[in-house]
Amino acid sequence: MTLVVGASYCGAVVASFVARELGVSVAFVNTDSGFMQYHRMYHPEPGQHVLIVDDLVCTGRDVSAIAAFLRSAGQEVAGISAWLSRVNLPAEQLLTLTPAPFQTYTPESCPLCSAGVPIVYSDIRE
């Protein structure tokens, strides 16, 4: 690993500590401006061996977009690490600190969806 990357809005703190522990550089990706870009603080050279670090992977949409951005910028994505993930990421190597403390379902296998219970989002970012 030569570089740890975190999203500037959530994964920055965790990524910073992981990079410090590994003794490698850290970079951040901004995802809230409508397009991906490195944070102005540091633009790493292409060819780095990258670990993406986040706190929580909810849908996988953000970390997958970060991985795609890094690959398009010439980086080699080794994997993704998070405290917890609500989803599997079959296209990526994912390592979490703990398994999800709840059961997740695809829309096709969800018993509440089958029973017609509407989805209610409360106090979540995505």
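Go through segment 79-126 and report how many residues are of a type in the set (A, V, I, L, M, F, W, C), over 30 Å from Ser16 (Cβ atoms) and not in a loop (DSSP other than H, G, I, E, B).
So the count comes out to 2.
Do you know which residues across segment 65-86 are surrounded by 17 or more Cβ atoms within 10 Å (Cβ to Cβ) and under 12 Å from Ala7 (Cβ atoms)? Spell out how you get there, then give the answer.
Within segment 65-86, the subset surrounded by 17 or more Cβ atoms within 10 Å (Cβ to Cβ) is 66-67, 69-70, 73, 75, 77, 80-82, 85.
Residues satisfying the conditions are Ile66, Ala67, Phe69, Leu70, Ile80, Ala82.
Report, ordered by the first and then the second residue, all pairs with beta carbons closer than 6 Å, sequence separation of six or more or different chains, a first member in segment 8-37 that is among the aliphatic types (A, V, I, L, M), and a second member that is in a helix (DSSP H, G or I).
Once the first residue is among the aliphatic types (A, V, I, L, M) and sits in segment 8-37, its partners that are in a helix (DSSP H, G or I) give Val26/Ala15; Val26/Ser16; Val26/Ala19; Val29/Ile66; Met36/Phe69.
Does segment 8-47 hold any residues that are among the aromatic types (Phe, Trp, Tyr), more than 15 Å from Ala67 (Cβ to Cβ) and not in a loop (DSSP other than H, G, I, E, B), and which are they?
Across segment 8-47, the qualifying residue is only Phe17.
Within segment 48-58, track down each residue that is under 17 Å from the mean Cα position of the chain (by Cα) and either in a strand (DSSP E or B) or modelled with pLDDT of 90 or more (or both).
Across segment 48-58, the qualifying residues are His49, Val50, Leu51, Ile52, Val53, Asp54, Asp55, Leu56, Val57.
The values are calculated or read from the model by the stated rules, or taken from the named source; none is laboratory data. Here the structure is a predicted model, which is why all the values come from computation and not from measurement. Neighbour counts run over all protein chains shown; Cβ positions are idealised from the backbone, glycine included.
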